[in-house]
1. Cα atoms only, region 1-41: Rg and Dmax in Å?
2. Given a 1.4 Å probe, how much area per residue of region 15-105 is accessible, in Å²?
3. Say a paramagnetic label sat at a point 7 Å from the Cα of Lys146, along Cα to Cβ; which residues of region 157-198 have their backbone N under 19 Å from it?
4. Working out 0.36 nm times the residue gap between Lys42 and Lys78, then minus their Cα-Cα distance, what length gain in nm do you get to one decimal?
5. Using only the alpha-carbon atoms, how far is helix 101-116 inclined from the longest principal axis of the chain? Give it as 0 to 90 degrees, nearest 10.
6. Just want to confirm a number: the relative contact order over the chain, from Cα pairs under 8 angstrom separated by 6+ residues, in percent.
7. So what is log10(I(q)/I(0)) for region 174-214 at q = 0.18, 0.19, 0.35 1/Å, when the Debye sum runs over its Cα atoms only?
8. Describe numerically, in nm with one decimal, the distance between label points set 7 Å from Cα along Cα→Cβ at Ser221 and at Glu53.
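The values are calculated or read from the model by the stated rules, or taken from the named source; none is laboratory data. Just so we're clear, the structure is a prediction, and the values are computed from it rather than from any experiment. Here Cβ is always computed from backbone atoms with ideal geometry, including for glycine, and neighbour counts include all displayed protein chains. All accessible areas refer to the heavy atoms of the entire protein, side chains included, with ligands and DNA or RNA removed. Shrake-Rupley method; radii C 1.70, N 1.55, O 1.52, S 1.80 Å.
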Amino acid sequence: MENKKAVILLSGGLDSSTILYLAKSKGYLCFPLSFDYGQRHKKELVCARKIAESLGLSLIVVKINLPWLSSSLTDKKKPIPSPEKTEKIGERIPSTYVSARNLIFLSIAISYAEEIGANSIFIGANARDFSGYPDCRDDFLKSFFKTASLGTKAGVSKKPISIERPLIDKTKKEIVLLAKGLGVPFELTWSCYKGGRKPCGICESCFLRKKGFSNAGIIDSFKQQLISPRFGL
């Protein structure tokens, strides 16, 4: 029986690295896909390549030019927000939101998957411990699957490409524990939005990562993922 193929949206972060290792553990032939869309934290692409290589895989990076983007992830003149109170995370859409990012990424991934005959696309979207991005919610992902099924040869041929989102309802603690069990190399992953030499430790992404490791009772092997004491858990 031929192995199933899967395109993996791999950013180089904790969540996407976990789904890559998860798909691999389920016997999928994995095709990691990353995007250079002008993000200030381009270091994630270096990490994504290292993570792919840790499984003997090659990474494809698609460069996208979106000059109209106003996100603080793409405009270095805008500050990256830091959470003042943990309960505010996910309750509003922060300035780090990139317009229709997952819609764009998934559309390209569907094209790639159809061309290589992949059965599935894996995305590390999460709607529990997340920043409130609308394109990370399950209703969006279900809707995208329906749209892609109507607009692709695979779909109208009754072989729709599935959108796998195994982390959608998991907390960061649960994701960290899953990643640990899968052997994800935490030291290779990158979560910080600021893209400096070291993680800033105070952006929402750094905070959520710290929260996950702390609640899981696991030491982050990326030892420089440190959070300011004022964000104590």
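1. Cα-based Rg and Dmax for region 1-41 come out at 11.8, 43 Å.
2. Numbers: 4580 Å² over 91 residues.
Solvent-accessible surface per residue comes out at 50 Å².
3. Answer for this model: 157-165.
4. Numbers: separation 36, 0.36 × 36 = 12.96 nm, distance 1.65 nm.
Length gained between Lys42 and Lys78: 11.3 nm.
5. 30 degrees
6. Numbers: 434 pairs, mean separation 54.3, N = 233.
Contact order relative to length: 23 percent.
7. Results for region 174-214 at q = 0.18, 0.19, 0.35 Å⁻¹ read -0.52, -0.57, -1.19.
8. Between Ser221 and Glu53, the simple spin-label model gives 1.7 nm.
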